[in-house]
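Okay, so here's the structure we're looking at.
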Amino acid sequence: MKSRPVLQVSCVQLNWAKSLDRNLDRCLHFIGQAAAERSRVVLFPEANLTGYYFPDLIKLSPKAVADALGKTRRAAAEAGIWAIVGTIKKTRDRYLNLAHVISPDGAIVHEYAKIHPAGRDERKHCRGGNKLSLFEIDGVLCTLVICRDGRHPELYRIPAMAGAQVLFQPSCSSDEIEAVIWKRVSGRAQQPAGPTTRIFHCVANTVGQSPDGRQTSSGQSFIREPAGMPLAEAGLYQEEMITAVLDLGRADRGYALDSLASPPFLRPYWEGMIRKARERAGLKPR
């Protein structure tokens, strides 16, 4: 019997408000740990290299950020593993919140800019991206959203219609402490994508408090299968890595394809959006 394709994925949960040097050290550590556990992909949280604490990150020099990304690329190449890492990058007009897909030879093969900035500081300093995410990992079509983007299901349902079987979601669900507690109780930090698409959903979230103690983050990183059930889950407070094997034969994209088919009068519009998403997928965020 021919075996079905699988993809082993690790998601790393890290503190969101630490220094660039510390963030880089933890990133390199977990790239090595994921490779040691024979994962093919390791996903890091939103802005894991620069951090998401804007009073500090806007002081970083572009060269320091580029150097950290370069060291991360070399580490991925040495480990022979795919790595998805995040930075908040200065551009000519404001910043972009980026996810970088690094191949096992150390090349950045895809970049996605967060479309929907969230929180007062991010909305002040960042502008949104202008494309959906489609890229391949070992021949498996995948997609990306970043944190708040997950509230906008068209951003991953259109890629699922186009063939994506895995959704990667780097996240930093930081907020005032009371808001984070209510997010945990209500399950609002990240909603599973499987029940509306039938694809895998991998979330790497953050933990920890801001330096002023006013904000925290919700943790609870997860890997969920296409029906929405958890394969692996992280805790509320600690830095850690979770790992699961994805049986890709289960990601049939059934719900997304049903939406594509019915009602028939919408199908031409869906097909137009799929075509545009494919055309723009290779654009470099600027």
FRET efficiency, 1/(1 + (r/R0)^6) with R0 30 Å, evaluated for residue 151 and residue 245 via beta carbons: 0.60
Principal-axis tilt of helix 177-186 within the chain, Cα atoms, nearest 10 degrees: 20
Cβ-placed point charges (K, R +1; D, E -1), dipole of the chain about Cα centre in debye, nearest 20: 860
Residue exposure sequence - 207, 145, 185 - by fewest surrounding Cβ within 10 Å: 185, 207, 145
Spin-label zone in the range 240-259 - amide nitrogen under 15 Å from a point set 7 Å from the Cα of residue 6 along the C-beta vector: 243-251
Positive-pole candidate from 270, 5, 98, dipole of the chain, charges at beta carbon: 270
Cα-based helix-to-principal-axis angle, 62-79 vs the chain, degrees rounded to 10: 60
Subset of 90/114; 89/276; 18/59 violating a 21 Å alpha-carbon distance limit: 89/276
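For the pair residue 33 and residue 212, what calculated FRET efficiency results from E = 1/(1 + (r/R0)^6), where r is the Cβ-Cβ distance and R0 = 35 Å, to the nearest 0.05?
Here the calculated transfer efficiency is 0.65.
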Stretch gain in nm, segment residue 236-residue 278, where the contour uses 0.36 nm per residue and the Cα spacing is subtracted: 11.5 nm
Relative contact order (%) - criterion: Cα under 8 Å, at least six apart; region: the chain: 21
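What is the antiparallel percent of DSSP beta bridges lying wholly in the chain, to the nearest 5?
Around 65 percent of the beta bridges assigned by DSSP in the chain are antiparallel ones.
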Separation of the residue 107 and residue 184 label points, Cα + 7 Å toward Cβ, nm: 4.4
Most positive-pole-ward Cα, 208, 220, 261, against dipole of the range 7-280 from beta carbon charges: 261
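Rule-based calculations on the coordinates, nothing more; no lab input. Please read these numbers as outputs of a predicted model, since none were measured by experiment. Because the Cβ atoms are built from the backbone with ideal geometry, glycine has one as well, and the counts that use them run over all protein chains shown.
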